[in-house]
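What follows is calculated from the coordinates using simple rules that are stated; it is not laboratory data. Just so you know, these numbers come straight off a predicted model, no measurement behind them. Here the Cβ is made from the backbone with ideal geometry for all residues, glycine too, and neighbour counts use every protein chain on show.
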Amino acid sequence: MQLFGRAYRCELIKLLARKKFIVFLALEVAICGIVLLVQLAVEHVSGLAFNVNLRMMLLGFFISAYIPLVSFMAVCDLFSSEIQDGSLRASLLLPASRFKVYLAKALSAYTVAVVYLFSLFVVTAVLELSFGSTLHGFFESFGSYLLDAIPLAVVILMAVFFNQILRSPTLAMLLCIGVLLAAYIVNIFLPQVGAMLFTSYGQWHNLFIGKALPFLPMMMKVGLLLGYGTVFFSAGYYIFERRDM
Amino acid sequence: MTEMTGVPAVRVSNMTKLYKNGRGVKNIDLTLEPGDIVGLLGPNGSGKTTIMKVIVGLCHATDGTAEVFGHSIERDYEAAAKHIGALIESPALYYNLSAEKNLRLAARVRGAGDEDIARVLALVRLDRYARDKVARFSLGMKQRLGLALALLGSPDLLVLDEPTNGLDIEGTVEVRELILRLAAERGHAFLIASHLASEIERTCNKVAIIHEGELLSFVSVAEAVRRAPTLEDYFLAEVRQKRGGAVI
Ligand SMILES: Nc1ncnc2c1ncn2[C@@H]1O[C@H](COP(=O)(O)OP(=O)(O)OP(=O)(O)O)[C@@H](O)[C@H]1O
Ligand SMILES: [Mg+2]
């Protein structure tokens with residue numbers, strides 16, 4: 001357990017050493033600011049007060065596009081890039097088992113995603129407060145963020161799995177984006193098929209928040225998500241564990 | 001690190017490792033006692049690196065076993081790996097980090113402290129460049145950093161694949177002296193791959209001759225140079241005998 005904690009911290013340190021994860025976080029904050037400014041300008045010109053819930057308005061975009069992309073970068077940095085330049089051997093020569101290394105890498109990519117998600121919540125809430133909003137629906141929106149953190153884990157496990165089957169970081173990144181896009185498109189045109197894909201929960205807070213919870217369908221969706229997560233995690237680990245480095 | 005008495009540092013039994021293309025090594029038996037400096041001598045592509053990769057757990061053996069201080073590398077990886085410091089092929093480094101940060105990451109997992117980082121940096125004479133990014137290192141500097149990483153935490157088995165690759169004359173001599181000192185004073189065991197017989201003759205007390213994935217002989221260097229004028233002659237004789245007396 002102690003060894004896992006150390007391995008996990010090493011992976012996080014490696015990610016933080018890459019400036020792009022700080023830059024993209026700053027960009028996230030900037031996007032929030034710009035959206036708020038646009039909204040204020042529209043209100044000023046039209047003379048109407050929308051009192052928009054910035055937290056919920058931006059969650060959709062960030063959870064379905066921005067945060068998955070940043071997480072894919074983190075996963076590709078920690079897996080396929082390290083395999084390609086040989087630095088993965090540095091972790092594998094240390095006395096932490098391959099399982100711990102695998103889990104530490106996946107978990108630190110997820111940590112980045114969660115940090116981005118909750119930074120979004122904090123930044124939008126602070127912006128709303130400082131411009132006189134009352135933060136209506138605070139708990140509901142916080143609940144939405146919490147719920148969306150769950151399918152995000154499966155999206156990351158999918159990326160981890162793709163990183164095991166493709167050796168090139170560029171190809172792995174493209175495959176991740178391609179599959180995510182394809183799933184969104186299937187979702188629009190073939191919703192009955194889309195319901196079987198985990199990505200249809202990219203915004204799955206919509207399924208729960210503000211609605212009566214239908215118990216059985218919800219359990220089925222949770223089960224489906226768990227199933228995808230387990231398959232991606234174990235298939236990825238199987239390849240990672242058997243691989244000759 | 002404490003070594004258990006009577007337990008060999010490495011025991012490889014009837015080990016076979018075949019890659020998907022059918023190449024690799026077959027039926028290798030090798031034992032290293034603490035304090036041994038064993039040289040793996042063989043031509044390019046003979047299987048030296050493959051044997052090392054199985055011992056340190058980077059590759060899984062197709063058959064047979066490898067144990068480090070009594071711990072199976074397959075079944076008890078963490079207990080075995082605590083004893084191992086390794087430099088396999090080109091050093092595994094994070095190019096976007098400084099030398100010191102590379103060492104700090106490894107030290108974190110190994111549980112080694114700052115003074116140990118300073119110690120190994122001084123040992124390989126990289127202390128002046130500790131804060132430089134590895135991406136701007138020369139070949140020899142990267143090799144030195146790879147050696148420093150292997151030495152971190154004073155593991156009692158060192159698996160070094162062509163350790164003097166890219167090193168200057170002084171560096172080569174220093175590494176040889178360091179190996180001899182650590183083996184004599186601390187009883188560390190060394191497994192060293194090289195295709196230079198002279199290098200092994202000067203450094204090692206035992207030599208394993210690898211040829212086309214097979215272990216041709218495993219004898220003390222003293223015995224080898226008794227049977228032939230130099231280790232190089234001994235090596236050539238073994239390889240020619242294997243080829244059925246054919247002279248190249
Ligand atoms: N990942 C791999 N996949 C397939 N074959 C491999 C792989 N690595 C090595 N081989 C093959 O296994 C054999 C042994 O290779 P190995 O790297 O162990 O040789 P070596 O003795 O270390 O050579 P060198 O002196 O050039 O370093 C070679 O025939 C090589 O082609
Ligand atoms: Mg080699």
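Calculate, in nm to one decimal, what B:Asn96 and B:Val219 gain on full extension: separation in residues at 0.36 nm each, minus their alpha carbon distance.
Full extension from B:Asn96 to B:Val219 adds 40.0 nm.
How large is ³J(HN,Hα), in whole Hz, for each residue of segment B:46-63 in order, when computed from phi with the Karplus curve 6.51 cos²θ - 1.76 cosθ + 1.60 and θ = phi - 60°, using x for Gly and Pro?
7, x, 4, 4, 4, 4, 5, 5, 5, 5, 8, x, 6, 10, 9, 5, 6, 7
Tell me which of A:Val222, A:Val23, A:Val160 sits at the most positive position along the dipole axis of chain A, charges placed on C-beta atoms (Lys, Arg +1; Asp, Glu -1).
A:Val160
Taking each pair of different alpha-carbon atoms in segment B:158-248 once, compute 1/r for the pair, average those values, and report the inverse of that mean as the Kirkwood hydrodynamic radius in Å to one decimal.
It is 14.2 Å.
No solvent, one uniform scatterer per C-alpha: report log10 I(q)/I(0) for segment A:2-242 via the Debye equation at q = 0.08, 0.10, 0.18 1/Å, two decimals.
One equal scatterer on each Cα of segment A:2-242 leads to -0.34, -0.53, -1.37.
Could you work out the percent of alpha carbon pairs in the protein assembly as shown separated by over 33 Å, rounded to a whole number?
Pairs farther apart than 33 Å: 49 percent.
Would you order A:Tyr237, B:Tyr234 from fewest to most other beta-carbon atoms within 10 Å of each residue's own beta-carbon?
Final ranking by Cβ density, sparse to dense: A:Tyr237, B:Tyr234.
Debye sum, Cα scatterers, chain B, no solvent: what log₁₀ I/I(0) at q = 0.10, 0.14, 0.16 1/Å?
Relative scattering, expressed as log10 I(q)/I(0), comes to -0.47, -0.93, -1.19.
Mind jotting down the distance between the C-alpha centroids of segment A:10-68 and segment B:8-71, whole Å?
54 Å
In the structure shown, do any of A:Lys14/A:Lys221; A:Lys105/B:Lys53; B:Lys142/B:Lys206; A:Lys20/B:Lys53; B:Lys17/B:Lys206; A:Lys20/B:Lys82 have a Cα-Cα gap over 25 Å, and if so which?
The pairs that break the limit, which is 25 Å between Cα atoms, are A:Lys14/A:Lys221; B:Lys142/B:Lys206; A:Lys20/B:Lys53; A:Lys20/B:Lys82.
Rounded to the nearest 5, what is the percent of antiparallel bridges among the DSSP beta bridges in the protein assembly as shown?
55 percent
In nm, to one decimal, how far is the A:Arg9 label point from the A:Val179 one, both placed 7 Å along Cα→Cβ?
3.3 nm
Counting other C-beta atoms within 10 Å, and keeping those with at most 12, which DSSP coil trypsin sites (Lys or Arg not before Pro) do you find in segment A:1-86?
Answer by residue number: A:Lys19.
For chain A, build the charge dipole from Cβ charges (+1 Lys, Arg; -1 Asp, Glu) around the Cα centre, then report which of A:Ala182, A:Leu78, A:Leu58 sits farthest towards its positive end.
Highest projection toward the positive end goes to A:Leu78.
Output the antiparallel fraction of DSSP beta bridges having both residues in segment B:73-199, as a percent to the nearest 5.
Just about 10 percent of them are antiparallel.
For segment B:92-154, what is the per residue volume of the convex hull drawn over the alpha-carbon atoms, in cubic angstrom?
With only Cα atoms used, segment B:92-154 gives 68 Å³ per residue.
Residue by residue, what Karplus-based ³J(HN,Hα) values in Hz, rounded to whole numbers, does segment A:126-140 have, using 6.51, -1.76 and 1.60 with θ = phi - 60° and x for Gly and Pro?
Coupling constants for segment A:126-140: 5, 4, 4, 4, 6, 10, x, 6, 9, 6, 5, x, 4, 6, 5 Hz.
Using +1 on the beta carbon of Lys and Arg, -1 on that of Asp and Glu, and nothing else charged, what's the dipole of segment B:18-140 about the Cα centre, debye to 20?
The calculated dipole for segment B:18-140 is roughly 640 debye.
Summing +1 for each Lys or Arg and -1 for each Asp or Glu, what net charge is found among the other residues whose Cβ lies under 15 Å from the Cβ of B:Asn96?
Spelling it out: positives minus negatives among the neighbours equals +4.
Taking beta carbons within 10 Å but only from partner chains, what does the mean come to for residues B:106-117?
Per-residue shielding by partner chains comes out at 3.
Suppose the Debye formula is applied to equal point scatterers at every Cα of segment B:13-57; what is log10 I(q)/I(0) at q = 0.21, 0.28, 0.30, 0.34 Å⁻¹?
-0.76, -1.22, -1.32, -1.40
To the nearest 0.05, how large is the calculated FRET efficiency for A:Leu40 and A:Val126 if R₀ is 22 Å and r is the Cβ-Cβ distance?
My answer for the efficiency is 0.90.
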